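Taking it in order: structure first as structure tokens, then the write-up.
The values are calculated or read from the model by the stated rules, or taken from the named source; none is laboratory data. Just so it is clear, the structure is predicted and the values come from calculations on it, not from any experiment. Quick reminder, even Gly has a Cβ in these numbers, built from the backbone with ideal geometry, and neighbours come from all protein chains shown.
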Amino acid sequence: MHAPGAPLDGGASPESSGEPAPVPPLHRKNVLIAVGVYAAGVAVAFLWAFDLFGKVFELISNKCAAKRDFTVECEVVPPPSSALWGLLIAGGGMTLALVCALVIAAAAAVTRRNAWIWPAIALPVILVSGAIGHFLVNSAIAG
């Protein structure tokens, strides 16, 4: 009679003999696709960061007036809270997506799973968080 879990050929299974199961090979194509998608995510995050960093200088302003006695009186105008939320959402969202994609893709590659999925999931997160930050910061500058 055939025992459940025993191989059909009558030999010992790797689980019962204590031998580790054979490790599937690392697929180079899988890793190269993951690296390419991750590099695209880094490039998109860099472009959003460049856009937002340029707008930071428009947010911080001083209103200065010169008086007749050659003194200068300045009033610092703080940026609106929507701009700060925009920078936080964009910077935090893009950073979190990139770090998580890198860590999980590396773990997936080591365990011989599809590593490209995680950077592919992170790419739309980077796009959306950068766009939200862009619109929030722009609304603060325009308003």
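Here is a check on your reading of the model: is GLY41 modelled with pLDDT of 95 or more, touching a helix residue (DSSP H, G or I) at 6+ places or on another chain (Cβ under 9 Å) and of a type in the set (Gly, Ala, Ser)?
The answer is yes for GLY41.
Pairs only if they're at least six apart or on different chains, beta carbon under 9 angstrom, first in the stretch 122-143 and polar (S, T, N, Q), second outside any helix (DSSP H, G or I) and modelled with pLDDT under 95; list them, first residue then second.
SER139/PRO80
Got at least one residue in the stretch 66-78 being surrounded by 12 or more Cβ atoms within 10 Å (Cβ to Cβ) and either modelled with pLDDT under 90 or closer than 30 Å to PRO25 by Cα (or both)?
no
Going by the structure shown, is VAL37 within 30 Å of ALA21 (Cβ to Cβ) and loosely packed, with under 11 Cβ neighbours inside 10 Å? Reasoning before the result, please.
On the way: within 30 Å of ALA21 (Cβ to Cβ): yes; loosely packed, with under 11 Cβ neighbours inside 10 Å: no.
Answer is no for this residue.
Evaluate the stretch 90-110: report whether one residue or more is hydrophobic (A, V, I, L, M, F, W, C) and closer than 15 Å to LEU59 by Cβ.
Checking the stretch 90-110: at least one residue is hydrophobic (A, V, I, L, M, F, W, C) and closer than 15 Å to LEU59 by Cβ.
Please find, among ALA122, ALA140, ALA107, the residue that is in contact with a Pro (Cβ under 7 Å, 6 or more places away or on another chain) and either surrounded by 17 or more Cβ atoms within 10 Å (Cβ to Cβ) or more than 17 Å from PHE50 (Cβ to Cβ) (or both).
ALA140
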